[in-house]
Amino acid sequence: MKRYIATIKLTVKEKLSGGLLALYASYAFRLFYLVPLLYLWRGLFQSGVVSEMTLPQMLSYTYISALLTEQLNVRTPMSGWLSGDGFINACKRPTHILADFTAQTVGGWLQTLLLFSLPLALAAPLLGVPILPKTIWFLPSLLLCVSLGFAIDFIFACFILRLKNATWLAYSIRMAVTYLFSGSLIPFALLPWGIGNWLRLSPFGSLAGAPLAIFTGIEAPLPLLAAQLFWNLAIWPLTILYFNKSRERMVSHGG
Amino acid sequence: MGAKDFFRRLFRLYWLYAKMDAAWIMRDTKYCLIGILADFIGNLSVLSGVFLMAERFGGVGGMNSDEVLFMLGYNAVTTGLFLIFVNGNNIGNISRIIGRGQMDHKLIQPLPLRLQLLTEGFMPISGSGQLWAGLAVCGVALWRLQYPVTVGWIMLFILSHILSKIILLSMMYFASSLAFWFPVAAEEISTDVLDVQWHLSSYPLGQMPMVLKIALNTVVPIGLTVWLPSLVLLGKQRLDFGLAILLIAAGVAAFCATTLFKKGLKHYEKIGSQRYKDWGHRR
Amino acid sequence: MKKLDRRDIKTGDIAVSFHGVTKTFEQWQRSGGIKNTLQNLIRPQKKTIAALDDVSFTINRGEFTAYAGPNGAGKSTTIKLICGMLLPLQGEISVLGMSPAKNRIALMKKVGVMFGNRTELWWDHPVLQSFEWKREVWDIPKEQYKRTLDRLVELLDIQDILHTFARELSLGQRMKADLTMTLLHAPELILLDEPTIGLDVLAKRQMISFLKELNQEKETTILVTSHDMDDLEQMARRIIMVESGHVAFDGSFSSLRAVTGSKCKISLELLTDASPEFEGAALLSREGRRFEYEFDMGRTSMSAVLSQIGAVEGVMNVEIKKAPIEDVIAGLYVEWKKQ
């Protein structure tokens, strides 16, 4: 465990090495996205539309989604743009490869949680956004979401490398997952024609959409947790199998 | 390089990159087709989310669902043009080239930098999927709206796209210039800009508070890349006013981006790059 | 320590001229502790490094010059300054009669640059496609392009890889393809930064003999950096050595040996176990009845050494070796570090 903590520490320091200005420039873009979105929902809900959700629930959903965006839609360096180098480096270390990438990912999260999410969480009352969960079941749901997120990301990474580094392809599919299939931006409850019911059943529906729905109390927690557990149990063995089959290609990647 | 020579080289280079793109698609058809499909799926998901919401609530942000559909189509065309003209070799994502210390690869070419940046990202075949999808969505929306399309309107559609692209690229180059000073931290800043632009530009800004509306059309002019041009094209905003705003914004944005980029380049020439990453270069 | 011996160097027009060039960089410093990391977030600590400090030298057209120095001595910075990628803080640089800062585009038409650890090849295209791209961007006339390419393909033996995707080449193949690409526009000045890095013995020999031929036949000016001193000695006649941003030596390899002390190693194989002692010599090692001594030829003449050896009984074998240039340079680096 010490080895992984060392990797986490180093990743945090690496992220902090560029100076505050550059770090906050990146956070500023997140705010540029979040603030207009909050006002968009306010405008829509105050115009008198009938919905399954209340305005505070919707604001809370959007806010938490922005605060925990990296945890709700996990992206590891293994599926990133530099997968070839990163993979070979991970192979050279006396650590488990998937665990090493997990440590690198968690290290990357910490500075954002500290410098962006925490201040924003404290500022939530000023913006009139409730940020306390409706039920404590949110925490196990978030853990299952993160676990499933890692499993799906590792599958993406193997897929990229089998396709000779087609990172753009993975990026596009991931966008689809993030912005529609996972429910991180638009709650399934708001989608027309029952589309949300179908998406909720997919493995992607057990990512962001599930903990956010539990957090805001728009859906009953236990069925969602059961679905999350099911997808974790179903996908992790597939991930490990696919990873083991793809390992050699990853090492030889790059010629 | 004189103007005549500049344009001669410009078109020759476009032709060269078009041939290279064609060669790439022919030799690597499987990946290319999957790539086009993935672009299509990815961007459509961003757009369809907003459309589904508009459909569910009978409109959003002061636009009905068909108008929202047109705006989303316009957004897809903007994205498509981005993919065709500057997506290759990270020319659009210039912060990656700067941050990874790869400007040296540009500086050894006996071409003006602006000519390289104008042409090296050109992928007219493999990058075209989104453009066709966007045009189709616009067509469907206009048909549902029973909107009269004239030659003048088409010219306006083209002009507004040129202005939208100038504004978008200026935003990206302005932010990317930070990578000259902060290569590690700002290496992916152009991706941040693009992500925010792609996703936020899908939302109609009509019901937002005035302060926010002004900010999104001036400080961070995302509203000018899709929302305002869509209003102008749908006749929901006065043509002279809308066009004047777009022209002024494009000029100011291009000026700011060029100035900061040149300043950054001077800084690069002074300090060089202490960082070099070989990945991503022409991959 | 500075010595200029230009007797065996061709004269003519100047290809590269550095006059009082200074170039400094700032390096970020961090101890690694959490407190220091957070402090650096607000006020980064920086250290100024002089990559080049008042450097002056000229390289004539047709010269094959080695540019050497320990890590961080300023070798790559010099190449980047010659290309106009970096601007000097002070001093004047002229390359092929032009200012790199003002005439980058015109200059790049006449200069070929190759960084051994980087590639100019297009990763997702066959090698030939990269060459075609170069023809267009460098505006090389078709005739000339075809003629040069044919010759380079033959000389560097790359016919088999022309249609292979760059990503699938081995390092040696990639270097050859990169070198071909560098030379396609028949540059008047070639700058090579570590061109033999990672190459096997055969590939290295081919690369060296090709570059020598190019220099001799076409009188192309070549400036090459490498950490492999034996490679440099095989290629170049002149060596400029930089250390901590200063030119520490500029002259021929033979004068470099003379300046650093002409060390010579002699191995003796004897019939007896006792190691004989020689005036002005130091015993370096012994292995059974084989003894290795080091003489400084600047102090003791070869005939004096041989006459001392002749006086020893039971000498079975004598082997005289000049110190390899690697040893000469390593000795210099150690000396510089001590200063």
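Read the figures in this text as sums done on the coordinates, not as results from a lab. These figures come from a predicted structure and were not determined experimentally. Cβ: placed from backbone, ideal geometry, glycine included. Neighbour counts: every protein chain shown.
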For segment C:106-192, the percent of all C-alpha pairs falling in each 5 Å bin, from 0 up to the bin holding the max distance, is 3, 16, 28, 28, 19, 6, 1
Cross-link reach from B:K262 to aspartates and glutamates, straight Cα distance under 15 Å and at least 8 residues apart if same chain, gives none
The protein assembly as shown: antiparallel bridges as % of DSSP beta bridges, rounded to 5, reads 70 percent
Inter-part gap, Cα centre of segment C:208-282 to Cα centre of segment C:42-67, in whole angstrom, is 22 Å
With R₀ set to 60 angstrom, the calculated FRET efficiency between the beta-carbons of C:K212 and B:Y14, to the nearest 0.05, is 0.90
Here the longest stretch of chain C that holds no trypsin sites (Lys or Arg not before Pro) in a DSSP loop having at most 12 other beta carbon atoms within 10 Å is C:103-298
Taking r as the C-beta separation of C:T164 and B:M1 and R0 as 35 Å, the FRET efficiency to the nearest 0.05 is 0.50
A correct Stokes-Einstein calculation for chain C, using the alpha-carbon Kirkwood radius, 20 °C and 1.002 mPa s, returns a whole-number D in µm² s⁻¹ of 94 µm²/s
proj_area_mean for segment B:208-283 (convex hull on C-alpha atoms), units nm², value 8.2 nm²
Ordered by fewest other Cβ atoms within 10 Å, a rough proxy for footprinting exposure, B:I91, A:I240, C:I208 read A:I240, C:I208, B:I91
Rounded to the nearest 5, the percent of DSSP beta bridges in chain C running antiparallel is 70 percent
Counting only residues 5 or more apart in sequence or on a different chain, those whose built amide H sits under 5 Å from that of C:R238 are C:F64, C:A66
Taking a straight Cα-to-Cα line shorter than 18 Å from A:K9, and setting aside same-chain lysines fewer than 8 residues away, one finds C:K35
Partner shielding of B:268-278, taken as the mean number of other chain Cβ atoms within 10 Å, equals 5
With the 8 Å Cα cutoff and a minimum separation of six or more residues, chain B has a relative contact order in percent of 26 percent
Here the convex hull volume per residue of segment A:120-200, taken over Cα atoms and given in Å³, is 147 Å³
Note on segment A:122-250: contact order normalised by length, alpha-carbon pairs under 8 Å, 6 or more apart, percent, works out to 39 percent
Tilt, helix C:142-156 to longest principal axis of chain C (alpha-carbon atoms), in degrees rounded to tens, equals 30 degrees
Ranked from fewest to most other Cβ atoms within 10 Å of their own Cβ, C:H163, C:H125 fall in the order C:H163, C:H125
One finds the C-alpha centres of segment A:115-164 and segment B:133-147 to be spaced, in Å, by 37 Å
Shape descriptors of segment B:16-158 over alpha-carbon atoms, Rg and Dmax in angstrom, are 18.2, 56
Semi-axes in Å, largest first, for segment C:172-303 (Cα gyration tensor, √(5λ)) are 40, 19, 12
For segment C:211-289 the GluC sites (Glu not before Pro) that pass both the DSSP coil test and the at-most-12 other-Cβ-within-10 Å test are C:E277, C:E279
Rg/Rh of segment B:182-231 (Cα atoms, Kirkwood Rh), to two decimals, equals 1.07
Percent relative contact order for chain C, counting Cα pairs under 8 Å at least six residues apart, stands at 20 percent
Looking only at aspartates and glutamates whose Cα falls under 19 Å of B:K266's and that sit 8 or more positions away or on another chain, we get B:D104, B:E187, C:E26, C:E92
Applying the span-like rule to chain B (DSSP H, Cα extent along axis at least 18 Å, Kyte-Doolittle mean at least 0.0) gives B:29-57, B:65-86, B:129-145, B:151-176, B:239-271
Within 10 Å of the Cβ of an average residue in B:193-200, the count of other chain Cβ atoms is 5
In segment B:2-92, the chymotrypsin sites (Phe, Trp or Tyr not before Pro) that sit in a DSSP loop and have at most 16 other Cβ atoms within 10 Å of their own Cβ are none
Set B:K19/C:K142; B:K106/C:K134; C:K134/C:K176; C:K80/C:K109; B:K165/B:K263, cut-off 20 Å on Cα-Cα distance; pairs above it are B:K165/B:K263
Least to most buried among C:L87, C:L223, by other C-beta atoms within 10 Å and fewest first, runs C:L87, C:L223
Rh (Kirkwood, all Cα-Cα pairs) for the protein assembly as shown, Å, reads 30.8 Å
Using alpha carbon positions and the Kirkwood radius, the Rg to Rh ratio of segment B:212-254 is 0.95
Among B:G235, B:L107, B:A3, the residue whose Cα sits farthest towards the positive end of the charge dipole of segment B:3-271 (+1 at Cβ of Lys and Arg, -1 at Cβ of Asp and Glu, taken about the Cα centre) is B:A3
For segment B:3-271 the translational diffusion coefficient, Stokes-Einstein from a Kirkwood Rh over Cα pairs at 37 °C and viscosity 0.692 mPa s, in µm²/s, is roughly 169 µm²/s
At q = 0.28 Å⁻¹, the log10 of I(q)/I(0) for segment C:263-322 from a Debye sum over equal Cα scatterers comes to -1.36
